[in-house]
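Report on the following structure.
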Amino acid sequence: MIKLRFSLFLCLLVSHGAVAEYRATGDLGIVIERAKGSALIINTSQRSILAKIESLGDLSHASVVFSRDERYAFIFGRDGGLTKIDLLQDKVAKRIIQAGNSIGGAISQDGHFIAVSNYTPGGIKIFLTETLELVAEIPAEYGENKLSKVVGLVDAPNQQFVFSLFDAGEIWLVDINNPKKPEIKKFKAIGKQPYDALLSPDGRYYIAGLFGEQGLAVLDLWNPETGVKRILPDYGKEDEKLPVYKMPHLEGWAVAGDYMLIPAVGQHEVLVIDKRSWTLVKRIPVAGQPVFVMARPDGRHIWVNFAFPDNQKLQIIDAKDLTIIKSLAPGKAVLHMEFTPRGEEVWVSVRDDNQLVVYDTESFKEIIRLPAENPSGIFFSSRAHKMGL
């Protein structure tokens, strides 16, 4: 009798649309359709599109982080929008406009707080992930009452956020263990125009790329009292500067064994850096200006895409001997890549062909193409358990 009543209850729920399907979250993801201001919810195991969420504002530079339980995706829009998507119910759970011009964000170590980096006004805002209630606001003040654009915002261990001030040439380390009174450490004169940054996978090093001068700025979060160190200050000084049609994205830097592989600014090269000594090991010539340089989860292969006019190409570098072993041509305007959690496949957005292309990462064979309207960023829920993404 109990089983019968439960079955009737489930049938009643389904008939009223309360239960559409059982769905786990570990193989879900978000694909941004930038021109339409929409996002696709996808399933990587089934290689399928589950739903489209529309009316999300300006997604021309959108990025995404995930809640700790992988149920919610938080989308940062260029128009200052912060949108919380329910991946199980295929709907917007909450949306706010928190600034005039936003460039990305991060979720705290414990998953309770969302930080958003803003160009206008310059600074960051911190919200509760549960309600999107504002908890703290940190203006990026420098000089005489000036506000800097904020870039390179990442989460870090010990309930910290780290970000760079593009206009001021500074790195700020923010402790939010007391979120209503964050503690801020400021590192000044780190270099001209830091334009993006990354956190090493172990959470120790925050590395900012510099657009206004040569080199990189490195902050050791284990020993912040030692200040910011400059590396590769002489790289490319004698080289001809090539046009930069799209800035490299540094959260796509690759770490493979003892090496970091990063996109060169204004050069058609991938730079190989020994992360123990912070010295340049090799310059790998590639097909164009690299944008993303991303390692397969096991670190064996590194996939590279490019800015216009070479953005129809992909190249793969073997980490064993640091040589290019494969070139692919997925289509017009390859904008982003994302590996499945264990790296057996990679999803590629091909904006101008309105397609998502899935490749086998061992054979490099194309598996499937899925329709998407001007797709750009691809973000899988496995990011919920990685630092700095």
Among Ala168, Ala106, Ala35, residue whose mean-square fluctuation peaks in a GNM of the chain (springs only between Cα atoms under 10 Å):
Ala35
Lys313: which lysines have alpha carbons under 16 Å from its alpha carbon, excluding same-chain residues fewer than 8 sequence positions away?
Lys246, Lys326, Lys332, Lys365
When all alpha-carbon pairs of the stretch 160-226 are counted, what percent fall beyond 16 Å?
45 percent
Only residues of the stretch 290-321 count here: report those whose backbone N is under 15 Å from the spot 7 Å along Cα→Cβ of His385, or say none.
297-298
Placing unit charges on C-beta atoms (Lys and Arg positive, Asp and Glu negative, everything else neutral), compute the dipole magnitude of the chain about its Cα centre in debye, rounded to 20.
460 debye
Measure nothing but the geometry: give the 0 to 90° angle between the long axis through the Cα atoms of 2-15 and the longest principal axis through the Cα atoms of the chain, rounded to 10°.
70 degrees
Using a cut-off of 27 Å between alpha-carbon atoms, which lysines can reach Lys84, once sequence neighbours fewer than 8 places away in the same chain are excluded?
Lys36, Lys52, Lys94, Lys125, Lys149, Lys180, Lys181, Lys386
Projecting each Cα onto the charge dipole of the chain (Lys/Arg +1, Asp/Glu -1 at the beta carbon, about the Cα centre), which of His268, Pro179, Leu165 comes out farthest on the positive side?
Pro179
Can you give the Rg to Rh ratio of the chain, both from alpha-carbon atoms, with Rh computed by the Kirkwood formula?
0.98
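Rule-based calculations on the coordinates, nothing more; no lab input. Not measured: the values here are computed from a predicted model. Note: ideal-geometry Cβ built from the backbone for every residue, glycine included; neighbour counts use all protein chains shown.
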